[in-house]
1. Is there any pair with a first residue in the range 252-269 that is under 19 Å from ARG217 (Cα atoms) and a second that is part of a strand (DSSP E or B) and more than 14 Å from the ligand (Cβ to nearest atom) whose Cβ atoms are under 6 Å apart and which are 6 or more apart or on different chains, and what are they?
2. Scan the range 231-244 for residues that are over 17 Å from PRO213 (Cβ atoms) and touching a residue at least 24 places away in the same chain (Cβ under 8 Å) and jot them down.
3. Consider only pairs whose beta carbons are under 6 Å apart and that are at least six residues apart or on different chains; among these, list those whose first residue lies in the range 203-216 and is under 25 Å from GLN286 (Cα atoms) and whose second residue is among the acidic types (Asp, Glu) and within 11 Å of the ligand (Cβ to nearest atom).
4. Is there a residue in the range 30-38 that is at pLDDT below 85 and out of contact with any helix residue (DSSP H, G or I) (no Cβ under 9 Å at 6 or more places or on another chain)?
5. Look at ARG224 and say whether it is more than 21 Å from the chain's Cα centre (by Cα) and not polar (S, T, N, Q).
6. PRO262: over 19 Å from ALA299 (Cβ atoms) and either within 16 Å of the ligand (Cβ to nearest atom) or surrounded by 14 or more Cβ atoms within 10 Å (Cβ to Cβ) (or both), yes or no?
7. Quick check on ALA207: is it away from the ligand (no atom under 16 Å from the Cβ) and of a type outside the set (S, T, N, Q)?
8. Identify, please: which residue in the range 39-83 is part of a helix (DSSP H, G or I) and hydroxyl-bearing (Ser, Thr, Tyr) and is, among those, farthest from TRP20 (Cα to Cα)?
Amino acid sequence: MPLSVAALGVDWYAGNCHKWLMAPKGCAFLWTAPQRRAETHAHILSHGLGEGYLAEFDWTGTRDPGAFLAVTAAIDFLEALGGPALMARNRALALEAGAMLAARLGTEVAAQPAMAGSMAAIRLPCPDRRRGRRPSRCGRGCWRRGRMRRSQPSMAASGCASRPPPTTRRRITRAWPRCSPPRCDLTRAGPRAEAAVMDLPISGWHAHVYYDPATTRAAAAALREGIAAGFPDAVLGRWHDVPVGPHTAAMYQVAFAPKLFPSLVPWMSLHRGALSVLLHPETGRQRADHTSHALWMGAPLPLKAEILPE
Ligand code: ZN
């Protein structure tokens, strides 16, 4: 979000760089109003004590300052990508996707657009288990399998607390030692959400795997063998060493049913290496399926979409 610390009129402002600048966690900033700098000290005192605000924070021990030193370059890079225009575009995409998902799932977004930045939170149709409230079928199922846990501050902070909170302790004792991360995905979110997804007008999916016959054919062959071995229901198309149809590079096609998407697509994302893959649904609108409906893994390639029927 656009930020003007001066306009806020605060004494201190702290923020981090790990979200939008992709910095490692711990790479953060602290702004201190001039009148507060004399009384503001680093929590680890090393060199520079008594030599002023900046000197005191300059070197707080033997740690790698590489991430801090790279921040200005990261900010320049973000600006080069579009700066405020990029921020506005990201926000618009997040709001659009949030509204679309909420409509499909029959739930709602967590905050009105005026209160949202480049992120949207959507309520999943998977109710919390609250004291005195009978859990739904979904909630009971998730709870039994130990795969969904109520969000607790202690869990959020550590990822895996040593003991469950008292109100839920008895119920999840059996699952707790596994310490698997909280999970509530669509396939476990009950028949309503599943139906909402399966109700999409998508009869199947294509993954077009692009390669260079001179340099990356072997990598494409290895990926193809992995798909054949792990996903026998996927239909492998012919090798096309020369561009065909709307495609501008050599490729082969993998056709698969929507039910394979949750397993095949993640598998490909981990095994495609440097190959570019175009994923597109089949909705009967060929041009849109290859453009606005499409997903890319790796570098997108040009497509001759104009030759496809609308
Ligand atoms: Zn296709």
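The values are calculated or read from the model by the stated rules, or taken from the named source; none is laboratory data. Keep in mind the model is a prediction, meaning the values are calculated, not measured. We place every Cβ from the backbone using ideal geometry, glycine too, and count neighbours over all the protein chains shown.
1. Cβ pairs passing all conditions: SER269/MET297.
2. Keep residues of the range 231-244 that are over 17 Å from PRO213 (Cβ atoms), which gives 231-236.
Result: PHE231, ASP233, ALA234.
3. Listed pairs, sorted by first residue: SER203/GLU282; GLY204/GLU282.
4. No, that holds for no residue.
5. Working: more than 21 Å from the chain's Cα centre (by Cα): yes; not polar (S, T, N, Q): yes.
When the stated conditions are applied, ARG224 passes them.
6. Values: over 19 Å from ALA299 (Cβ atoms): yes; either within 16 Å of the ligand (Cβ to nearest atom) or surrounded by 14 or more Cβ atoms within 10 Å (Cβ to Cβ) (or both): no.
The answer is no for PRO262.
7. Details: away from the ligand (no atom under 16 Å from the Cβ): no; of a type outside the set (S, T, N, Q): yes.
It is false that ALA207 is away from the ligand (no atom under 16 Å from the Cβ) and of a type outside the set (S, T, N, Q).
8. First, pick out the residues of the range 39-83 that are part of a helix (DSSP H, G or I): 39, 53-58, 66-69, 71-81.
Subset that is hydroxyl-bearing (Ser, Thr, Tyr): 53, 72.
Numbers: TYR53: 27, THR72: 13 Å.
Only one residue fits best here, namely TYR53.
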